[in-house]
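Worksheet: the structure to be examined is printed underneath.
Please treat every number below as a calculation from the coordinates, not as lab data. Just so it is clear, the model here is predicted, and its values are computed rather than measured. Virtual Cβ from ideal backbone geometry, glycine too; neighbours counted across all protein chains shown.
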Amino acid sequence: MTGPLLAALDLGTNNCRLLLARSLSQGRFQVIDSFSRITRLGEGLSSTGHLCEEAQTRTIEALTQCSELMSKRGVEKSRLVATAACRQAANGQRFVKRVLDETGLDLEVISSEEEVMLAMLGCRPLLDPKARFALVFDIGGGSTEIAWIDRQKHENHGIIASESLPLGVVTLSERDEAARAQSLASMRSRLQAFELRHAMLAYLLSGDASMLGTSGTVTTMGAIHLDLGRYERRRVDGLLLTRSDLAWVTARLAAMSEADRVAHPCIGPERADLVPAGMAIFSVLDNLWPAPKLGIADRGLREGLLSLMAAEASA
């Protein structure tokens, strides 16, 4: 038995992404269409505190296409969320009103806590069923989220602790060398305190916890590991990388020039300058939590939104 046609939109600091799905029985869903566009809404935000006009225009153009696709497909239920860039910008709410006026889309600016919950809910099917605990991270454009999950707990979808850091691939890449080093040191300090409170490393090393990453940084690592001639989500989503795999991929990406990254079919010109920042953030996480294996997810917040809407439709 099928239910309503659902739409989940995630407007982040770097990307505008939409999933359309048909609600199925028992809270499941089937994706039927998607849209993704790099808009860099947060361009310059870390230095000015505002969303610039050029970035707003690019994003409005992408959101207009999303609105047209939703209308064409006959979407019956939707959740359209905006994350770090709109949370942090002084003109974030003004931009949300502009989006409503120009596209008809009513964006909801969600908190970092809800962002963590939705991303982890979307990734949950990929968690190792043999491990009670999981450390899940999402390296975004404007922030990085960490969640410590107990799969035996149901409250808050099993999230027993989380941390949201206002540093992502866009914000880090726009800083000079000294500011980047300071930002990464601050991130490391906060995450060391997080580790001291929850002692996650011991669980990871013993196999009682698994580690899973989502976002463009880790999916790029997966694509490089597989040596893909073009990006294939079905091969990357759910991939496991060992310590030796991670060492090889990290070295391969570090050896690439920007021209190499631009030419690579799984990176390209729109993301080439962001890869070093993503790898720098990943290095902080990997040094703190050198798990035996890293799971890679090409899913997250949108799937979390769809899960909740499909469950409501089945109730």
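Would you please calculate the Kirkwood hydrodynamic radius of region 65-218 over all C-alpha pairs and express it in Å, rounded to one decimal? Value: 17.5 Å, from the Cα pair sum.
So if I average 1/r over every pair of distinct C-alpha atoms in region 79-120 and take the inverse, what Kirkwood radius in Å does that give? Write down the numbers at each step before the final one.
Values: mean 1/r = 0.0938 Å⁻¹.
Computed over region 79-120, the radius equals 10.7 Å.
By the Stokes-Einstein formula, at 1.002 mPa s and 20 °C, the chain with its Kirkwood radius over alpha-carbon pairs has D equal to 108 µm²/s. For region 91-155 versus region 187-213, the spacing of their alpha-carbon centroids is 19 Å.
Averaging the Cα positions of each part gives two centres, and for region 20-59 and region 225-296 these lie 22 Å apart.
Which order results if Ser186, Ser244, Ser112, Ser162 are arranged by neighbouring Cβ count within 10 Å, fewest first?
Values: Ser186 13, Ser244 8, Ser112 17, Ser162 20.
In order of increasing Cβ crowding within 10 Å: Ser244, Ser186, Ser112, Ser162.
Extent of region 119-301 along its three principal axes (Cα atoms, max minus min coordinate, largest first): 46, 37, 28 Å.
Please identify, among Phe282, Phe35, Phe133, the residue showing maximal mean-square fluctuation in a Gaussian network model of the chain using a 10 angstrom Cα cutoff. Result for the chain, Cα springs under 10 Å: Phe35 fluctuates most. Given springs between every Cα pair under 10 Å in a Gaussian network model of the chain, which of Ser173, Ser111, Ser25 has the largest fluctuation? Looking only at Ser173, Ser111, Ser25, the largest GNM fluctuation is found for Ser25.
Charged neighbours of Val218, selected by a Cβ distance under 10 Å, balance to -2 (K, R count +1; D, E count -1). Taking the chain as a Gaussian network of alpha-carbon nodes connected by springs under 10 Å, the highest mean-square fluctuation of the residues Gln88, Gln56, Gln182 belongs to Gln182.
Within region 119-301, what percent of beta bridges assigned by DSSP are antiparallel, to the nearest 5? Walk me through the numbers on the way to the answer.
On the way: 16 of 25 bridges.
Bridges in region 119-301 that DSSP calls antiparallel: roughly 65 percent.
Lysine pairs in the chain 8 or more apart or on different chains: how many have alpha carbons under 30 angstrom apart?
Values: Lys72/Lys97; Lys77/Lys97; Lys77/Lys153; Lys130/Lys153; Lys130/Lys293; Lys153/Lys293.
Within the chain, the lysine pair count is 6.
Of all DSSP beta bridges confined to the chain, the antiparallel ones make up roughly 65%.
Average projection, convex hull of the Cα set of region 2-110: 6.4 square nanometres. Across region 265-304, the convex hull enclosing all Cα atoms gives 116 Å³ per residue.
Only helices enter the 222 nm calculation for the chain: every DSSP H run of n ≥ 4 contributes -39,500 (n - 2.57), and dividing by all residues gives -14500 deg cm²/dmol, rounded to 500.
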